[in-house]
Amino acid sequence: MVLCICCLFPGHIMENKPYLVKMNGNGMLVKNNVNGNVLKGKALNRNGIHHVQVNGSLYPAKTKNRRQHWWVKPSEMAEKTLNPIRAIVDGMKLTPNPEKPMIALSIGDPTVFGNLPTDEAVLQAMKNAIDSHKFNGYAPSVGYLQSRQAVANFYSCPEAPLEAEDVILTSGCSQAIDLAISVLCNPGDNILVPCPGFSLYKTLAVSMGIEVKLYNLLPEKSWEVDLQHLESLIDERTSCIIVTNPSNPCGSVFTKEHLQKILKVASRHCVPILADEIYSDMVFPGCSSPSLASLSSEVPIWPIRQGLVKLTQRILGACTIVQGALESILNNTPQSFYNSTVSFLKVGRSLMSSTYNFQISIVFCQLLILLLLFFPQSNSEICFNELSTVPGLNPVMPSGAMYLMVGIDMEHFPDFKNDVDFTERLVTEQSVFCLPASAFEYPNFFRIVVTVPEEQMVEACGRIREFCLTHYRPSSRDSNDLDQ
C-alpha cells in the first residue's frame, strides 16, 4: 500500500522537496527524497531513492495486531448522513401520465425553466473576472479581502455595521451552514430547528453527533414560531436556535415584532441564534425582513469569529472567479432586475387573507374570477387563488422567497395514506410533482415552488383541481350540511 505526498509549490514540506512515503514489503516505513540528495548521511541507491528504516527497536512492529483481511468501511459520519428529501423522493414511485407533459413544482432552482435569466451585469462581471487572469489561483481561506469588503459594504447598516473581517466567503450556503454548526456545536449538544424547515440542518447536525430538536411553526398564523414550544425545548446542551427568515419551505416572513419575541426567548437562556436570511432580498411588497443582527447586539461574537476563521482552514474557500466578480455584481446589478424578479413571485396582498381552515363562499369565488380576468397576477397569486377554491386543500399565503405550502385535509381523501401517497398519485394521474412536506418532517402538506413559467403554473393548478375533485370525499357532517 502506497501513500503518496506530492506538492506543486515549494515551501509546503520540509526542505522544500517532494517525498514519497510508503510501506515496503517487510512492513518498513520508507521515506524517499526524489531529488537525488543524501538524507542523514546515508547514500542514495542507484535510483536516487533512500530507504530509512523506522521499525527497529525504537518502533517495534506490532505484527500480532496486523489485520489479516481487508475491512474498509464508511465512517460513522458517512453512515449518519441522510438527506430527508432524497430519502423520501428516491423511495417514491414516480411514473408520470404519458398523455400529459410533466410539470415539476418541486425543484427549488429558479434557473431550471429559463424564465428567470441571470442579469447581463452578472454575466459580464464573471467574464471580466475570467479575462483578467487575476483569480486563477488560491485565495485566502476566508476569501479575498476586497470581495469580503464588498459584501460588508452591501449589507452593512447603522444598527449592525460590518467590516471585511466580519465576512467569510464560502462555496454556497450549504458550506456556510456547515461552518456555522461546526463552530457552535460539539457532539452531544442539540440545536433547535424550525418545523417545517430546511432539511440540510438535520442532515449536517446528525452526521456530527448533534441532536436536532424541532420547534413548531403555526400555519394558522402564517407560520409564526410557537414561542412556548420553542422555549420548552431549550436545555443546558442547546447550542443554538436556527431561525430561517424568509422561510424555506413556507415562504413566510416574520414581522419585526415577532423577531423581537424570538430574541427575548434566546436572551433569557443565553442561547445564540443562527440566522438563515438567504431570501432576505426576496420579500414581497407590503412586507419587510429586518436582519436579526440589526435588532440585537447582545451576543459576543469575537470568539465565534475566531473559531470560524480556524475552521475555514479545512476548506479551499469560495470559487475565486466568483470572488473576483463579486464587487461588480453587488454594485452594478440594476435594481430593475431585483424588482422584476420579486414582481414575478409576489403576492397581491389585498386579496390575500389566510384561508387555512376557511370555507370560501360562492360570492367570493365569483368575485375572485372577475378579479382574475381584469387584473394580471403573479405566480404566487395564481397558485394561491386557484388552490384556495379546491376542496380539501388549504394553501397558506407566502410573503417572500419562492415557495408556497398547501395543507391537505387527509380525512377527505381516503384513497391515500399520507402526503407522500397523495403527491405520488398526483404524478401518476396528472404528471404534476409537488414535494411532500414529510420531507420537511411536516406531514399532510406539500410544497410548491412558484418559479415555473406562468402558463405551466396555470396548467398545474388546473390538474391539481381535477385530481382533488376526483378523489375528494365529503365527510358525513359535510353531507348533512349540503342536505340542509
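The values are calculated or read from the model by the stated rules, or taken from the named source; none is laboratory data. Given the structure is predicted, the values throughout are model-derived calculations rather than measurements. Quick reminder, even Gly has a Cβ in these numbers, built from the backbone with ideal geometry, and neighbours come from all protein chains shown. For the accessible areas, the whole protein counts, side chains as well, though only heavy atoms, and no ligand, DNA or RNA atoms are used. Shrake-Rupley method; radii C 1.70, N 1.55, O 1.52, S 1.80 Å.
Being more than 26 Å from Ala401 (Cβ to Cβ) and touching a helix residue (DSSP H, G or I) at 6+ places or on another chain (Cβ under 7 Å) narrows it down to one of Glu211, Glu224, Glu163, Glu159, so name that one.
Result: Glu163 is the single residue among Glu211, Glu224, Glu163, Glu159 that is more than 26 Å from Ala401 (Cβ to Cβ) and touching a helix residue (DSSP H, G or I) at 6+ places or on another chain (Cβ under 7 Å).
Pairs only if they're at least six apart or on different chains, beta carbon under 8 angstrom, first in the stretch 77-101 and among the basic types (Lys, Arg), second in a loop (DSSP other than H, G, I, E, B); list them, first residue then second.
Lys80/Gly209; Lys100/Ser431
Name every residue in the stretch 237-291 that is acidic (Asp, Glu) and either more than 23 Å from Ile301 (Cα to Cα) or touching a Gly at 6+ places or on another chain (Cβ under 8 Å) (or both), in order of residue number.
The first filter runs over the stretch 237-291 and keeps only residues acidic (Asp, Glu), leaving 257, 276-277, 281.
Within the stretch 237-291, Glu257, Asp281 meet the criteria.
Of all residues in the stretch 162-173, how many are free of Cβ contacts under 8 Å to residues at least 60 places away in the same chain and surrounded by 13 or more Cβ atoms within 10 Å (Cβ to Cβ)?
Adding up the residues that qualify gives 3.
Of everything in the stretch 61-106, what is part of a loop (DSSP other than H, G, I, E, B), among the hydrophobic types (A, V, I, L, M, F, W, C) and open to solvent by less than 70 Å² (accessible area, probe 1.4 Å)? Give them in sequence order.
Hits for the stretch 61-106 are Ala61, Met92, Leu94, Leu105.
So for the stretch 410-419 (the condition being open to solvent by less than 10 Å² (accessible area, probe 1.4 Å) and touching a Gly at 6+ places or on another chain (Cβ under 9 Å)), does at least one residue qualify?
Yes: the stretch 410-419 contains one or more residues that are open to solvent by less than 10 Å² (accessible area, probe 1.4 Å) and touching a Gly at 6+ places or on another chain (Cβ under 9 Å).
Within the stretch 113-125, count every residue that is under 23 Å from the mean Cα position of the chain (by Cα) and either of a type in the set (Gly, Ala, Ser) or within 15 Å of Glu454 (Cβ to Cβ) (or both).
So the answer is 4.
Kindly provide the set of residues from the stretch 121-158 that are exposed (fewer than 12 other Cβ atoms within 10 Å of the Cβ) and more than 21 Å from Ser171 (Cβ to Cβ), ordered by number.
Once the filter is applied, which keeps residues that are exposed (fewer than 12 other Cβ atoms within 10 Å of the Cβ) and more than 21 Å from Ser171 (Cβ to Cβ), the stretch 121-158 yields Asp131, His133, Cys157, Pro158.
Do the conditions hold for Glu277, that is, is it acidic (Asp, Glu), free of Cβ contacts under 8 Å to residues at least 24 places away in the same chain and open to solvent by 40 Å² or more (accessible area, probe 1.4 Å)?
no
Among the listed residues Thr333, Thr244, identify the single one that is surrounded by 18 or more Cβ atoms within 10 Å (Cβ to Cβ) and polar (S, T, N, Q).
On the way: Thr333 fails: surrounded by 18 or more Cβ atoms within 10 Å (Cβ to Cβ).
None of the other options fit; the residue is Thr244.
Quickly run through the stretch 287-330 and pick out the residues that are among the polar types (S, T, N, Q) and touching a residue at least 40 places away in the same chain (Cβ under 8 Å).
In the first step, residues of the stretch 287-330 are kept if they are among the polar types (S, T, N, Q); the result is 288-289, 291, 294, 296-297, 306, 312-313, 320, 323, 328.
Answer for the stretch 287-330, where residues must be among the polar types (S, T, N, Q) and touching a residue at least 40 places away in the same chain (Cβ under 8 Å): Ser289, Ser291, Ser294, Ser297, Thr312, Gln313, Thr320, Gln323, Ser328.
In the stretch 211-233, how many are open to solvent by less than 10 Å² (accessible area, probe 1.4 Å) and part of a loop (DSSP other than H, G, I, E, B)?
Residues flagged as open to solvent by less than 10 Å² (accessible area, probe 1.4 Å) and part of a loop (DSSP other than H, G, I, E, B) within the stretch 211-233 amount to 1.
Could you tell me whether the stretch 176-197 includes any residue that is surrounded by fewer than 16 Cβ atoms within 10 Å (Cβ to Cβ), out of contact with any strand residue (DSSP E or B) (no Cβ under 6 Å at 6 or more places or on another chain) and of a type in the set (A, V, I, L, M, F, W, C)?
First pass over the stretch 176-197, keeping only residues surrounded by fewer than 16 Cβ atoms within 10 Å (Cβ to Cβ): 186-188.
Checking which are out of contact with any strand residue (DSSP E or B) (no Cβ under 6 Å at 6 or more places or on another chain) leaves us with 186-188.
Now narrow it down to the ones that are of a type in the set (A, V, I, L, M, F, W, C): none.
Within the stretch 176-197, none of the residues are surrounded by fewer than 16 Cβ atoms within 10 Å (Cβ to Cβ), out of contact with any strand residue (DSSP E or B) (no Cβ under 6 Å at 6 or more places or on another chain) and of a type in the set (A, V, I, L, M, F, W, C).
Which of the residues spanning the stretch 58-105 are farther than 30 Å from Glu211 by Cα, among the basic types (Lys, Arg) and modelled with pLDDT of 90 or more?
Lys100 - this is the single residue of the stretch 58-105 that is farther than 30 Å from Glu211 by Cα, among the basic types (Lys, Arg) and modelled with pLDDT of 90 or more.
Before we move on, is Glu236 free of Cβ contacts under 8 Å to residues at least 12 places away in the same chain and open to solvent by 40 Å² or more (accessible area, probe 1.4 Å)?
yes
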